[in-house]
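For reference, the structure discussed in these notes is given below.
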Amino acid sequence: MVRLPIFTAQFNFMKALKFALVLALVFSHFIGKAQPCVIPVMKCFTSQQMKEILSLFSSSIDRLDLAKFAYGFILDRDMYYLTVSSVFSSSLDKENLSNYIQKQP
């Protein structure tokens, strides 16, 4: 499968339509029930785009769950932790995400 980025214009259009909020609601609904099915269909996100989406979540647990799940669909994985870690206020959440990323292939 070829991974293509969501272009800036597409991402801005989705944000204009409040797509990120819809994604947040869909993901929140699926936590603990099933894996969210929206992100894999959406091509791939950049780290910066995922940071913007993560910042829409008020729950640090939801942010961390989505950050972990989304890692597999990020194009610039080498920049992921440096980019998205700023959305976490807890050093424990940052450490948890770092440990998760280090275990990924």
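Go over the candidates PHE57, PHE69 one by one and state the one that is assigned to a loop (DSSP other than H, G, I, E, B) and either modelled with pLDDT of 65 or more or in contact with a strand residue (DSSP E or B) (Cβ under 7 Å, 6 or more places away or on another chain) (or both). Spell out how you get there, then give the answer.
Working: PHE69 fails: assigned to a loop (DSSP other than H, G, I, E, B).
So the residue among PHE57, PHE69 that is assigned to a loop (DSSP other than H, G, I, E, B) and either modelled with pLDDT of 65 or more or in contact with a strand residue (DSSP E or B) (Cβ under 7 Å, 6 or more places away or on another chain) (or both) is PHE57.
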Counting only residues in region 41-56 that are of a type in the set (S, T, N, Q) and buried (at least 18 other Cβ atoms within 10 Å of the Cβ), the one farthest from ASN12 (Cα to Cα) is identified as SER47
Flagged in region 57-74 as crowded, with 18+ Cβ neighbours inside 10 Å and of a type in the set (A, V, I, L, M), in numbering order, are LEU64, LEU66, ALA67, ALA70, ILE74
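The values are calculated or read from the model by the stated rules, or taken from the named source; none is laboratory data. These numbers come from a predicted model, not from an experiment. Note that we place each Cβ from the backbone using ideal geometry, even for glycine, and neighbour counts take in every protein chain shown.
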